[in-house]
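> The structure is given below, and queries will be raised subsequently.
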Amino acid sequence: MVTDNTNQKSPLLPDRHPQHDLFICDVADAVLKDVMQHMEHPFYSLSKKPETVVRRYRNGNHWLEITPSVKGLATIYDKDILIYCISQIMAKKKHGEEISQRVRINSRDLLIFTNRGTSGREYLSLMEALDRLEGTRIRTNIVTGTEEQSDSFGLIDASSIKRKHGIDGRLLWCEVKLSDWVFNAIEKQEVLTLHRDYFRLRKPLERRVYELARKHCGQQRTWKITIGKLLLKSGSQSPEKRFRQMIKELVAHDHLPDYHVAYDDEADMVIFTNRGTMFPAPVQVDVKTLKPETYDLGREAAPGWDIHHLEAEWRDWIMEAPKNADAAFVGFCKKWFEKRGSP
């Protein structure tokens, strides 16, 4: 939870503090990719009201269950704490320092890092966020042959807090123990860099949409997705009609970091285009026409997928012309199917 800003003239919050490069651990894909290859369901609430309902998702024989505590599901603002912890760990890795699952957090540094104010209310919100992060549990099954194993884990395993004397004393620092699940993903360096304006986005949905664009569009020139699928991936509880309206408002302001956002009314699709602000803008590589039999091999490698859609994705993805374009395309189709499965 963060303090609301009453200045609605700008779609972005004011930049309260200077910040450095940010990192976010893509824990969902990092740990569950072998279990549920295209599991990208949201773990965090986008609501300002406590969500205490269990979320359950299924993909074939695999399922995922997210159980909040009585204090509610961890919110997308609570995730700021994880982003900060992961950033500290990545900075230590970069300098060759020893890293640990336990991270000591200076509360003021965290508030400045996440572009928040430093009032007493903000310190209180950090303590509430730690409770929700520690209380949110994730359970999923792993199927091997005829046997099924069910694993449960959390976002953080434990936290401790030190504050000035008295129940109303200001929070000085806290220590967080990241779960094995999160820490393993960090050790594998499965992280993504975020734009500094991520913390300036006013609305929870804007943050979630940026994360999805950051992951799926990445360094590609464009990425398209239907409104219905974007609604599912976002975790928004809004009806589709209202969700479409909110996306159109985002399009009208077009203030999302790193990606220009457009809406195709006829196709009911959202189109993200790389602004080239984080990385050099991808260029279109001139690749010769593929052989007719290559398309058949591609269909075998990625059954169920539109081969021409895959070709467009491949041509946007490659950075330079391959020596054997046909073999490279078939290899791309295999990797695409391994990661995403059937459409």
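A short reminder: the numbers here are calculations on the coordinates, not readings from a lab. As the structure is a prediction and not an experimental result, all values here were calculated from the model. Please note: Cβ atoms are built from the backbone with ideal geometry, for glycine as well, and neighbour counts cover all protein chains shown.
> Please list, in order, the residues from segment 67-85 whose amide nitrogen is less than 19 Å from a point placed 7 Å along the Cα→Cβ vector of Asp151.
Residues 67 fall inside that zone.
> Gain in length, Lys335 to Arg16, computed as 0.36 nm per residue apart minus the alpha-carbon separation, to one decimal in nm? Walk me through the intermediate numbers first.
Values: separation 319, 0.36 × 319 = 114.84 nm, distance 4.25 nm.
Length gained, Lys335 through Arg16: 110.6 nm.
> Roughly speaking, what is the stretch gain from Ala312 to Arg221, that is 0.36 nm per residue apart minus the C-alpha to C-alpha distance, in nm to one decimal? It would help to have the intermediate numbers written out before the result.
On the way: separation 91, 0.36 × 91 = 32.76 nm, distance 1.09 nm.
Contour length minus the Cα-Cα distance gives 31.7 nm.
> For segment 299-343, which trypsin sites (Lys or Arg not before Pro) are in a loop by DSSP, counting at most 10 other Cβ atoms within 10 Å?
On the way: sites: Arg299, Arg315, Lys323, Lys334, Lys335, Lys339, Arg340; in loops: Lys323.
Those satisfying the criteria are Lys323.
> Highest mean first, how do 201-209, 247-255, 104-112 rank when packing is the count of other Cβ atoms within 10 Å averaged over residues? Present the calculation step by step, with values, prior to reporting the outcome.
Values: 201-209: 20.6, 247-255: 14.8, 104-112: 17.3.
Going by the mean number of other Cβ atoms within 10 Å, highest first, we get 201-209, 104-112, 247-255.
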